[in-house]
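Here the structure is laid out as structure tokens; the discussion comes afterwards.
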Amino acid sequence: MSSLLFVDSAVYGGAWSTPELRALFDEVPRTRAWLEILAVLAETQAAFGVIPAPCAAGVARTCRSIDVDAAFLDEVRRGFEASNHSTLGFINAIARRCPEQSGEWLYYGATVQDLTDTWLATALRDARAIAARRLHAIDRRLRELAAAHRDTVMPGRTHGQQGLPITFGFKAAGWAAEARRHRVRLAEIGGRMDAGQLAGGVGSLSSLGPRALELQRTFLERLGLRAPQISWTTSRDVLAEWCTFSTLVAGTADRIGHEVYNLQRSEIGEVGERSAAGTVGSITMPHKRNPEISEHLGTLARVVRHNAAIVTESLVHDHERDGRSWKAEWNAVPLVTLATDKALALLEELVANLEVFPERMWANLVATRGFVLSERVMLALAERIGKQSAHRLVYDATMSAHGSNRTLEETLLASPEIMAYFTRDEVRALLDYRAASGHCGAMVDRVLADVDDSDDFEGDVNSEHDVSSGREDVVLAVASQRARAENEWQL
């Protein structure tokens with residue numbers, strides 16, 4: 001079957017989603033989940049005396065026996081096109097298979113959003129668990145990089161130009177702190193998610209009898225959800241929050257990817273994606289080793305941002321139901337969730353295999369001929385003549401050196417105005433790239449200190465990593481990588 005959407009393509013779909021998320025959102029698993037929801041609804045309604053127990057058993061048995069194949073989906077499609085109702089074709093296809101009169105009690109007292117919102121709550125619950133696992137692995141690896149390269153000096157850049165020395169560990173620790181904040185956000189949003197929907201036509205539960213609220217709670221608990229405080233058919237802030245969270249996460253992935261994309265440039269070469277065997281960068285330029293992951297993170301982030309904006313449009317509804325709003329979610333929320341998960345999976349792969357080249361970082365610093373140390377000179381001079389006067393003297397000296405091959409040291413030594421306040425030895429002592437990296441190492445240490453006392457979060461569920469037992473492993477891995485980096489970097 002051909003597809004008009006790349007996300008559904010048999011060839012290209014893997015670039016836009018992962019198998020784990022497709023197993024939640026593809027049409028066949030989604031339809032099976034809908035069938036199970038209707039089966040549980042019938043059984044719960046029978047337990048509360050809303051529908052006859054024999055009929056409920058017939059409905060549940062039918063829902064769980066339907067083979068969601070091409071023929072069934074085509075029948076549902078034809079029913080939808082004939083009725084132009086979101087679920088009537090689905091209801092009729094099931095009812096035709098129900099024994100005796102049991103089909104009359106199918107989907108009793110419920111409406112479209114009771115089914116679709118409840119399914120979406122279960123899908124996002126499972127998607128959140130996968131996101132928690134991926135963020136945990138990313139956080140862990142970034143901390144390892146930060147520790148290993150705590151003191152690996154590199155250029156810090158502003159406006160695309162070298163500004164002052166920093167360390168690569170400082171950069172990686174900034175990424176790690178951002179990932180950690182997302183883990184906290186994910187745990188927080190979890191407390192507002194996982195509420196299902198069983199509300200009826202206008203949200204009043206008027207069709208489900210005197211024990212409707214108890215029935216609602218029981219039904220949703222059987223699906224692993226909780227009952228909402230109040231019907232949320234027109235209150236979509238939690239879904240908008242999920243998509244906003246996804247925008248932040250995808251933005252972090254894009255930010256890291258964009259940095260790697262730039263630092264991997266041939267003329268910079270400070271980090272690089274480790275290409276898998278057989279990866280082809282160009283079909284016309286065989287030598288190319290393109291930052292494919294980093295680049296695609298930017299593509300996915302754009303998909304997330306723009307579809308999240310569609311969901312925020314759903315914050316405004318007319319009265320108690322408004323199909324213009326929640327039907328837009330059917331397309332946008334899965335796309336946001338699929339693309340965010342793919343971005344996290346790619347980011348996890350990127351940082352796990354990131355190559356770091358300290359020698360190129362050092363070479364790029366040295367290539368400035370020391371001029372990235374001008375602030376250090378200016379501040380030392382400011383202690384003697386004041387900041388504004390010091391800035392003017394160092395500015396004049398450095399600007400006059402542009403276009404020549406002089407180093408900063410040569411430029412300073414040739415300036416009688418500056419040398420009136422320094423000895424030659426003092427000038428040489430100021431030109432220390434490592435000392436000019438400021439307090440980068442101390443800030444790395446502060447980020448790493450969180451490992452022991454905040455490495456576990458409520459909401460980090462179904463993680464493949466056992467955080468409490470893994471802390472010692474993290475500390476040992478960090479120490480080992482730092483020692484290895486220090487041995488390799490003798491500059």
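The values are calculated or read from the model by the stated rules, or taken from the named source; none is laboratory data. Note that the structure is predicted; figures quoted are calculated from it, not measured. A quick note on method: Cβ atoms are made from the backbone with ideal geometry, for glycine too, and the neighbour counts reach across all protein chains shown.
Just so you know, in region 134-144 the residues that are hydrophobic (A, V, I, L, M, F, W, C) and surrounded by 24 or more Cβ atoms within 10 Å (Cβ to Cβ) include one that is nearest to E355 (Cα to Cα), and it is L142. Filtering region 36-72 to residues that are surrounded by 15 or more Cβ atoms within 10 Å (Cβ to Cβ) and within 35 Å of the chain's Cα centre (by Cα) leaves E36, I37, L38, A39, V40, L41, V68.
Screening T116, T167 for residues that are more than 17 Å from L344 (Cα to Cα) and crowded, with 24+ Cβ neighbours inside 10 Å leaves exactly one candidate, T167. Restricting to region 27-86, give me the number of residues that are in a loop (DSSP other than H, G, I, E, B) and not β-branched (V, I, T). Qualifying residue count, region 27-86: 8. Out of curiosity, is E383 over 30 Å from A121 (Cα atoms), at pLDDT 90 or above and not basic (K, R)? Yes.
Taking region 372-457 as the region of interest, the helices (runs of 4 or more DSSP H) fully inside it that hold 2 or more residues being among the hydroxyl-bearing types (S, T, Y) and more than 35 Å from the chain's Cα centre (by Cα) are 387-401. When region 150-162 is filtered for residues that are within 27 Å of D445 (Cβ to Cβ), within 26 Å of the chain's Cα centre (by Cα) and surrounded by fewer than 22 Cβ atoms within 10 Å (Cβ to Cβ), the ones remaining, listed by number, are G156, R157, T158. The residues in region 179-225 that are within 27 Å of F245 (Cβ to Cβ), in contact (Cβ under 8 Å) with a residue 40 or more places away in the chain and either assigned to a helix (DSSP H, G or I) or among the acidic types (D, E) (or both) can be counted, and the count is 13. Go through region 106-147 and give me each residue that's among the small types (G, A, S) and farther than 20 Å from T244 by Cα. Scanning region 106-147 gives G109, A110, A137, A146, A147. Would you call A240 of a type in the set (G, A, S), touching a Ser or Thr at 6+ places or on another chain (Cβ under 7 Å) and within 23 Å of R128 (Cβ to Cβ)? Spelling it out, A240 is indeed of a type in the set (G, A, S), touching a Ser or Thr at 6+ places or on another chain (Cβ under 7 Å) and within 23 Å of R128 (Cβ to Cβ).
Do you know which of the residues in region 16-35 that are loosely packed, with under 15 Cβ neighbours inside 10 Å and over 17 Å from W330 (Cβ atoms) is farthest from the chain's Cα centre (by Cα)? So, considering only residues that are loosely packed, with under 15 Cβ neighbours inside 10 Å and over 17 Å from W330 (Cβ atoms), the one farthest from the chain's Cα centre (by Cα) is A23. Of all residues in region 182-240, those that are surrounded by fewer than 17 Cβ atoms within 10 Å (Cβ to Cβ), closer than 17 Å to K327 by Cα and of a type in the set (D, E, K, R) total 1. Just to be sure, is A131 within 30 Å of P228 (Cα to Cα), assigned by TED's automatic domain parsing to the domain that holds T247 and buried (at least 23 other Cβ atoms within 10 Å of the Cβ)? Judged against the criteria, A131 is a match. Pairs are defined by a Cβ separation below 7 Å, a sequence spacing of at least 6 or placement on different chains, a first member in region 104-117 that is at positive phi, and a second member that is assigned to a helix (DSSP H, G or I); the pairs so defined are Y107/L38; Y107/I91.
The single condition among (1) closer than 17 Å to C440 by Cβ; (2) in contact with a strand residue (DSSP E or B) (Cβ under 8 Å, 6 or more places away or on another chain); (3) of a type in the set (G, A, S) that A147 does not meet is (2).
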